[in-house]
Number of protein chains: 2
Amino acid sequence: MDNLILHEDPRSGNCYKIRLTAALLGLPIERRAYDILQGETRTPEFLANVNPNGRIPVLQIGKRFLPESNAACWYLATDSALIPTDRFEQANVLRWMFFEQYSHEPNIATLRFWLHFVGEANLSRQQQSQVMAKRIAGEDALALMDAHLAGREWFVGDAPTLADIALYAYTHVAEAGGFRLADRAHVMAWLARIAALPGYVTME
Amino acid sequence: MDNLILHEDPRSGNCYKIRLTAALLGLPIERRAYDILQGETRTPEFLANVNPNGRIPVLQIGKRFLPESNAACWYLATDSALIPTDRFEQANVLRWMFFEQYSHEPNIATLRFWLHFVGEANLSRQQQSQVMAKRIAGEDALALMDAHLAGREWFVGDAPTLADIALYAYTHVAEAGGFRLADRAHVMAWLARIAALPGYVTME
């Protein structure tokens, strides 16, 4: 495989997903850090050379650039046990990865970013007005995950997949966004199973 | 393949994606309509039997249910030319599908829903306060698409893929959300290429 470089902000769960996938697969990956709070992913150089969408993470593979955290995980995990080959199970892994980006991350990761890194006092009025809706939607996502995990160990099938990695990234730090994980017993047990996987690395 | 049933609201671009994928692949698909404005996807029966997330579309495959529009498209298109087999190109298709669900749909589809179906006068204050941010983010997404399509015919590689289908669904009706497509010449030409594909079906 070409040399792998992760363009990241180490505080970002979306970036951590890619590091965790690489670690579980034993793939070496170089890291380049950017500070999103300082606008380092919105510079003309970044937009022209790394990602025109001005976001991290971006996985660089040789001279090619791949934005979107879950797409980068997919690239790394191609032909590995983290992506099932069964047609329904493979689509079902993507189902949870799209759920993560649509129903989970915009609520749980955004509240962590706003409350833990930006600070509640520094939020715009427009952001403040969204906190309660994101709180409710984030709790709904955690409740749905907890119900799904009742009676099963992993999100899809009977082994860890990219669905688990994608959902783990922001779930395991959800308390920094004001979510109470202790109420979600199945989620808690599943978090512990992931942290026990061979090759597991912590977020920071 | 097992019998396919699409649980949908016919006004939803996310549902249309699945119908368009099936049509381009020549797969017959049965349709069951729900009215999201009447809460028909939040009933106890729907939550228990179709999707605990209370959303359409859901693709039913025999007795199994697959939520998330892009995951359903992936299921249908497995082993077809709509998903490239090259490792980077396949991940790059997913990159655009995640871009669609994260940076495009929450802005462009939501404004269409709010302004065209709910009606501006019926929006909550919290929704009203988000209109301008969604307008800007939606225009950013369209500008990024237009720049990407300059000098190329399709989003990934040199043939249509699921990336094109996913992005087409809400782009081609973006004007119902107040976006002006005539300003995006490359997007307009790409929309016309998709509408000319053999097997193409319209949204309504």
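The values are calculated or read from the model by the stated rules, or taken from the named source; none is laboratory data. Note that this is a predicted model, so its numbers are computed, not measured. Cβ coordinates were reconstructed from backbone atoms using ideal geometry, including for glycine residues, and neighbour counts include every protein chain displayed.
Points worth noting:
- Of the set (1) outside the structural domain of B:LEU191 (by TED's automatic domain parsing); (2) surrounded by 22 or more Cβ atoms within 10 Å (Cβ to Cβ), all apply to B:ASN92 but (1).
- The listed residues are A:ALA176, A:ALA169, A:ALA141, A:ALA147, and the only one of them that is in a helix (DSSP H, G or I), over 14 Å from A:GLU105 (Cα atoms) and small (Gly, Ala, Ser) turns out to be A:ALA147.
- Among residues of the range A:99-154, those that are surrounded by 15 or more Cβ atoms within 10 Å (Cβ to Cβ), without any contact (Cβ under 8 Å) to a residue 40 or more places away in the chain and of a type in the set (D, E, K, R), counted: 2
- Residue in the range B:59-72 that is farther than 25 Å from B:PRO198 by Cα, assigned by TED's automatic domain parsing to the domain that holds B:ASN122, within 13 Å of the chain's Cα centre (by Cα) and without any contact (Cβ under 8 Å) to a residue 40 or more places away in the chain present: no
- In the range B:48-65, the residues that are facing chain A (nearest Cβ under 9 Å), outside any loop (DSSP other than H, G, I, E, B) and surrounded by fewer than 23 Cβ atoms within 10 Å (Cβ to Cβ): B:ILE61, B:ARG64
- Search result, residues across the range A:9-39 that are free of Cβ contacts under 8 Å to residues at least 40 places away in the same chain and surrounded by fewer than 15 Cβ atoms within 10 Å (Cβ to Cβ): A:PRO28, A:GLU30, A:ARG31, A:ARG32, A:ALA33, A:ASP35, A:GLN38, A:GLY39
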